[in-house]
Amino acid sequence: MIALKKQLGEILEKAVAASFEGAAITADELCEMLEYPPDSSMGDIAFPCFKLSRTLRCAPPIIAQKLAAAEFDSDVVTASAAGPYLNFKISEKYLTEKVLASVLSNGEKYGSFDFGEGKTVVLDYSSPNTSKPFHIGHLGTTVIGHCLKLLHEFAGYKCIGINHLGDWGTQNGKQIVAFKRWGNKEEVEEKGCDGLVELYVKFHEEAEKDPSLNDEARAEFKKMEMHDPENIALWKWFLDISLKEYKVTYDQLGITFDHYMGESFFSDKMDAQIQIMRDKDLLKLDDGASIVDLSEYNMPPCLILKRDGASLYPSRDISAAVYRKNNFDFSKCIYVTSAGQSLHFAQWFKVMELMGYDWVDQLVHVPYGTVSIGGEKLATRTGNVVLLKHLFAQAIEKVSAVINEKNPDLANKEEVSEAVGVGAVVFHYLFNTRIKDISFVLEDALSFEGSTGPYVQYTYARTCSILAKAGKIDASALKITAEDESEIIKVLARFPERVLAAIEDYEPSYIARYAIELATAFNRFYHNCPILSAEDETVKNTRLAITEAAGTVLKTALRLICMRAPEKI
Ligand code: ARG
C-alpha cells in the first residue's frame, strides 16, 4: 500500500490546493494522515479531515465533500465522503493486477527494500557471558538481534552480526577458582557446559560462607590479565566448551555470526581511547579507579579503569565501537540487550560524545523486557535457571508427540518437530512487544490454535498441500468474486509497510503479528471459498494465485523472525 498511499497523497495535494485558495499542504503530510479503518465496510483506507479543518478553517464534513470530487483514478480507488472522513475503496483491478501480481512476480523478494544498499549495519547480539549458563534470558537478545539482522538485510543493508561474548571478567576468575578447588578434568570434559555451571553455582554457595573466595577469584582473573599460561589455558578450554554448546542452540535457531569477537579481544586495546579521555580531561580519579563524571547529565559516573588499571565493561564497549567503526564503516551499530543495561549504554554513548566522536548517534541500543517462567525470576547464582537447550528440548518433545499421533507417516519427523518446537518458542517470545516483560508458558506457545508459531507454520503447510495438488496456475486472467478474496489481498498489500515499520521501530513483533493476521485471513478464505473444487477456471486460478501469494508471504514472514517453514507438518 506504500505506492498507493503515496499516489493518494499526491492527488489530495492537488485537490486541497484547488479547493482551498492559498493552502499548501504537501503530499507527504497528507499521506501521513491516511489510516486503515478498523472495519472495512468504512472503506479500505480513510482520510480523516479533522487535522485539516484547523489549517483550512473549514468543517471536516465539508472538506471531505470537496475532496471526494477530486479526480482519483477509478482503476485504483473510488472515493466517497462519510461525515468527517473521506473513504477510499480499493478497486478489484488494483488488488489483482497490482498487489496479487506483484507478490507472485516478486516471490520471496516481495516486501523487500533497497534503501539500505551500499550501507553497512553492525549488530551486536546474543553475547552471553561465558562461564554462565545460556538460559532463557538470552532468548531475547539472540532472536531479536538476529531478526533485526534479517530485516535490515531485507532492506538491502550489508549486515555484520557480532557475538560480543562476555569472556573476560572476574566471573572467569571464579570459574578458575572453582575448578582448581573442586573440579576435575574428566568430569568437566564429560559434562561439558553443565559441569561448568555446576562449578559456578558451587562457587557462589561456598563464597556465601567464605567471602575470601571472591578475593581469590579476583586474583585468578588478575593472573589471566598478566597472561599466566595456566590460567589462560583453562580459560581457553572453558571458552571452547561454552562455544560448542552455544553452537547447538544457534544451529537449532538457524543463526550464524560473522564474528565472535568478545570482551577479551578488547581487554588490551584501550590505550588510544584512554589517551583521548586524558587529553580531553575527562578522567577523574575516584578511590584509585578512573571514572568519567556524568553528573551534569544526570547519570552516575562511567567506570573506565579499575584501581589496578584493568579495563571494565564500558571501556571495552568504547574500544569495540571504535574498532567496528574503523573496520566495518557502519552507518548503524545496533546493540540488543535487556533493558537492565540501558543506563550502561546511555553512559558510554555519552562518554564517546564527550570524547568528540561525531558518529555516536549511529549507535543504537535496542532494549527488551525480562523473561520469567510462570512468573518466577531467574538467577544464575542460585542455579534457578531454565536453560535454553532444555526449553527447546521440551518443546521439540511435545511437538513430536503430537506429530506421532496426528501424522505418524510424515517424512523427516525429527526435522519438522525441531522446526515447529523451536519455532513455537521463538514465535511466542517475538509476538510480545519487545520492551514488555513476558512470563513464558510453554503450553500456550505450543498450541496449534490461537496466536502461535505452530498455527502460522501449519497454515503455510496448508498452502503447500493445496498447491501440490493443483498443477500449473494460469494467472493471466484473475477475477475477484468473493469478499474473503479481496480481504486477504488487502492483507498481502500491507506487508511491505509492516516490514518498514519493524525496521524503523526495531520491533520484530510487528512481523509476528502480521503473520497471524495473514494466516487468519487465509484460513477464513480457505473455509469460505472452495479452491480446488471451484468450477469456474478463472475463479479457481484466482484462488490458487491467492494461495500461492499467501504461502510466499507467510514463508517470508516466518523467515524474517528466525523460523523455518516446513512444507508438511
Ligand atoms: N555479555 C553481556 C551480558 O551478558 C551482553 C553484551 C552486550 N553487548 C555489548 N557490546 N555490551 O550481559
Meets criteria (modelled with pLDDT under 95 and among the hydrophobic types (A, V, I, L, M, F, W, C)) for ALA79: no
Condition check for SER127: open to solvent by 20 Å² or more (accessible area, probe 1.4 Å), within 16 Å of the ligand (Cβ to nearest atom) and outside any helix (DSSP H, G or I): yes
Return the total of residues in the range 130-173 being out of contact with any Pro (no Cβ under 9 Å at 6 or more places or on another chain), within 14 Å of the ligand (Cβ to nearest atom) and aliphatic (A, V, I, L, M). 4
Select from the range 149-171 the residues that are assigned to a helix (DSSP H, G or I) and either touching a helix residue (DSSP H, G or I) at 6+ places or on another chain (Cβ under 8 Å) or open to solvent by 20 Å² or more (accessible area, probe 1.4 Å) (or both) and list them in ascending order. LEU150, LEU151, HIS152, GLU153, PHE154, THR170, GLN171
Is at least one residue of the range 352-359 touching an Asp or Glu at 6+ places or on another chain (Cβ under 9 Å) and either within 12 Å of the ligand (Cβ to nearest atom) or part of a strand (DSSP E or B) (or both)? no
Taking the condition in a helix (DSSP H, G or I) and closer than 30 Å to ASP44 by Cα, does LEU391 pass? no
Considering only residues that are free of Cβ contacts under 8 Å to residues at least 24 places away in the same chain, under 17 Å from SER40 (Cα atoms) and either among the hydroxyl-bearing types (Ser, Thr, Tyr) or assigned to a helix (DSSP H, G or I) (or both), which ones fall in the range 66-84? THR78
Considering each residue of the range 241-278, count those that are open to solvent by 80 Å² or more (accessible area, probe 1.4 Å), in contact (Cβ under 8 Å) with a residue 24 or more places away in the chain and either among the aromatic types (Phe, Trp, Tyr) or not in a loop (DSSP other than H, G, I, E, B) (or both), and give that number. 3
Answer residue from the range 317-339, given it is β-branched (Val, Ile, Thr) and open to solvent by 10 Å² or more (accessible area, probe 1.4 Å) and is farthest from the ligand (Cβ to nearest atom) among those: VAL322
Going through the range 17-39 in order, the residues found to be open to solvent by less than 60 Å² (accessible area, probe 1.4 Å), in contact with a helix residue (DSSP H, G or I) (Cβ under 7 Å, 6 or more places away or on another chain) and part of a helix (DSSP H, G or I) are SER19, ALA27, LEU30, CYS31, MET33
Look at LYS174 and say whether it is within 27 Å of TYR429 (Cβ to Cβ), crowded, with 22+ Cβ neighbours inside 10 Å and among the basic types (Lys, Arg). no
Considering each residue of the range 94-124, count those that are outside any loop (DSSP other than H, G, I, E, B) and either polar (S, T, N, Q) or away from the ligand (no atom under 16 Å from the Cβ) (or both), and give that number. 17
Residue by residue through the range 307-331, note down the ones that are without any contact (Cβ under 8 Å) to a residue 40 or more places away in the chain, touching an Asp or Glu at 6+ places or on another chain (Cβ under 8 Å) and in a helix (DSSP H, G or I). none
Would you mind stating whether VAL99 is surrounded by 14 or more Cβ atoms within 10 Å (Cβ to Cβ) and in contact with a strand residue (DSSP E or B) (Cβ under 9 Å, 6 or more places away or on another chain)? yes
Of the residues that make up the range 558-568, is at least one touching a helix residue (DSSP H, G or I) at 6+ places or on another chain (Cβ under 6 Å), closer than 30 Å to ILE435 by Cβ, assigned to a helix (DSSP H, G or I) and open to solvent by 60 Å² or more (accessible area, probe 1.4 Å)? no
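The values are calculated or read from the model by the stated rules, or taken from the named source; none is laboratory data. Since the structure is predicted, the reported quantities are computational estimates derived from the model, not experimental observations. As a convention, Cβ positions derive from the backbone with ideal geometry for all residues, glycine included, and neighbour counts pool all protein chains shown. Calculation scope for accessible area: heavy atoms of the full protein, side chains included, ligands and nucleic acids excluded. Shrake-Rupley method; radii C 1.70, N 1.55, O 1.52, S 1.80 Å.
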